[in-house]
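Quick notes on the structure that follows.
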Amino acid sequence: MPEKKSGSVWAVIAAGCFAVALFCLIYPIYVIRPFRYQGASELMVALRVLRVRPVVTLGVVVLSILAFVQYWRLKPSRMRRVFAAIGLIGTVVFAALCRVNAYEMMFHPMDRPVFTSVAETKLDGREKVVVIRIADAARAYPIRSMSYHHIVNDIVGGVPIVATY
């Protein structure tokens, strides 16, 4: 295989690895997010990506390193080597970010919620809320606000509670 064509093949392989690592990072986050309708098929694909992405990203990192080394050995121009190095670094960073549980970071418990009186609230009359009443004390937690937290730690009527849905 001529050297120029061989370099193009390794560059395409590296670009493909970059694209796969980026897809494994972005697609599940795009599909599984609050206030967005998720179709059954796209949710199924996102969950499958989550399941296989540790192995896939490890594979693309190894393949990307191999492609980078082979491309570097062909002695392309300095600028092309820089782009190849940036692509390799991007692939490794995307693969590392796939190991971070973004949902754990997004959905953290809400502590010390702030309340307003019913007269001052700006909620739509049809908005869904989780209501807690203990003795004479009552709280309403809008689902729209809770969707980013899923758990609210509060004290109602002197009793520590956890509200969730």
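The values are calculated or read from the model by the stated rules, or taken from the named source; none is laboratory data. Please read all numbers here as calculations on a predicted model, not as lab measurements. Because the Cβ atoms are built from the backbone with ideal geometry, glycine has one as well, and the counts that use them run over all protein chains shown.
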Legend entry - In region 48-90, the residues that are within 16 Å of the chain's Cα centre (by Cα) and surrounded by 13 or more Cβ atoms within 10 Å (Cβ to Cβ): V49, L50, R53, P54, T57
Legend entry - Those residues of region 11-39 which are over 21 Å from A85 (Cβ atoms) and of a type in the set (G, A, S), in sequence order: G39
Inset, instruction - Looking for whichever is surrounded by 11 or more Cβ atoms within 10 Å (Cβ to Cβ) and of a type in the set (A, V, I, L, M, F, W, C) here; the options are A15, A40, A119. Which one fits? - result: A15
Legend entry - The one condition in (1) more than 23 Å from the chain's Cα centre (by Cα); (2) charged (D, E, K, R); (3) in the same structural domain as Y27 (by TED's automatic domain parsing) that K122 fails to fulfil: (3)
Inset, instruction - Would you please list the contacts, defined by Cβ atoms under 6 Å and residues six or more apart or on different chains, that run from a residue in region 86-114 that is at negative phi and not assigned by TED's automatic domain parsing to the domain that holds P160 to a residue that is surrounded by 11 or more Cβ atoms within 10 Å (Cβ to Cβ) and basic (K, R)? - result: C98/R53
Inset, instruction - State whether one or more residues within region 129-144 are assigned to a loop (DSSP other than H, G, I, E, B) and surrounded by 11 or more Cβ atoms within 10 Å (Cβ to Cβ). - result: no
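Would you mind stating whether V118 is of a type in the set (V, I, T) and without any contact (Cβ under 8 Å) to a residue 40 or more places away in the chain?
yes
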Inset, instruction - Return yes when V114 is out of contact with any strand residue (DSSP E or B) (no Cβ under 6 Å at 6 or more places or on another chain), modelled with pLDDT under 90, under 19 Å from Y148 (Cα atoms) and of a type in the set (A, V, I, L, M) and no when it is not. - result: yes
